[in-house]
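The values are calculated or read from the model by the stated rules, or taken from the named source; none is laboratory data. Keep in mind that this is a model prediction, so the values were computed, not measured. Because the Cβ atoms are built from the backbone with ideal geometry, glycine has one as well, and the counts that use them run over all protein chains shown. Each accessible area value is taken on the protein alone, full model and side chains, heavy atoms only, with ligands, DNA and RNA left out. Shrake-Rupley method; radii C 1.70, N 1.55, O 1.52, S 1.80 Å.
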Amino acid sequence: MYTHTIKLEKLTFFGFHGLNKQEIESGQNFVLTLKLDYNTIDNSSDDLKNFIDYIELYDLLKNSFEEKRFNLLESLANKILDDIRKFYKSVTYIKL
């Protein structure tokens, strides 16, 4: 078994998350950094199906971020983490 790490830094998404009236009405930029580890069985293959696609992962983060408005950033973070775990069963560690 082989462990791989992906780190996506300074991803900027615009959203209306928060409790303050200005946050809800005007929105703001959020900057996220994601680090995750995942396992593969075959490290010698060059086939993308054996690895996590960075673009697909980015799209998952973006969709999770934009799907629903949250009052608390902790709730938003939990949604993102849950979505990653559901979609990528090989993930062993996530830091957001």
Which order do you get for ILE41, ILE84 if you rank them by accessible area with a 1.4 Å probe, largest at the top? ILE41, ILE84
Report the accessible area of TYR38, computed with a 1.4 Å probe over the heavy atoms of all protein chains in place, in Å² rounded to the nearest 10. 10
Partner lysines whose C-alpha sits under 16 Å from that of LYS10, ignoring same-chain residues fewer than 8 away, are LYS35, LYS62, LYS95
Treat every Asp and Glu Cβ in region 1-40 as -1 and every Lys and Arg Cβ as +1, leave all other atoms uncharged, and give the resulting dipole magnitude about the Cα centre to the nearest 20 debye. 80
Among ARG69, ARG85, what's the order by accessible area (1.4 angstrom probe), most exposed first? ARG85, ARG69
Assigning unit charges at the beta carbon (Lys, Arg +1; Asp, Glu -1) and nothing else, what dipole magnitude in debye, to the nearest 20, does the chain show about its Cα centre? 300
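Taking only protein heavy atoms and a 1.4 Å probe, what accessible area per residue, in Å², does region 1-41 have with all protein chains in place?
With the other protein chains kept in place, region 1-41 gives 65 Å² per residue.
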Potential extension, LYS86-PHE51 segment - 0.36 nm per residue separation minus Cα distance: 11.0 nm
Taking Cα atoms only, Rg over Rh for the chain with Rh from the Kirkwood formula is 1.05
In the full protein assembly as shown, how much of LYS7 is accessible to a 1.4 Å probe, in Å² to the nearest 10? 120
Which order do you get for VAL91, VAL31 if you rank them by accessible area with a 1.4 Å probe, largest at the top? VAL31, VAL91
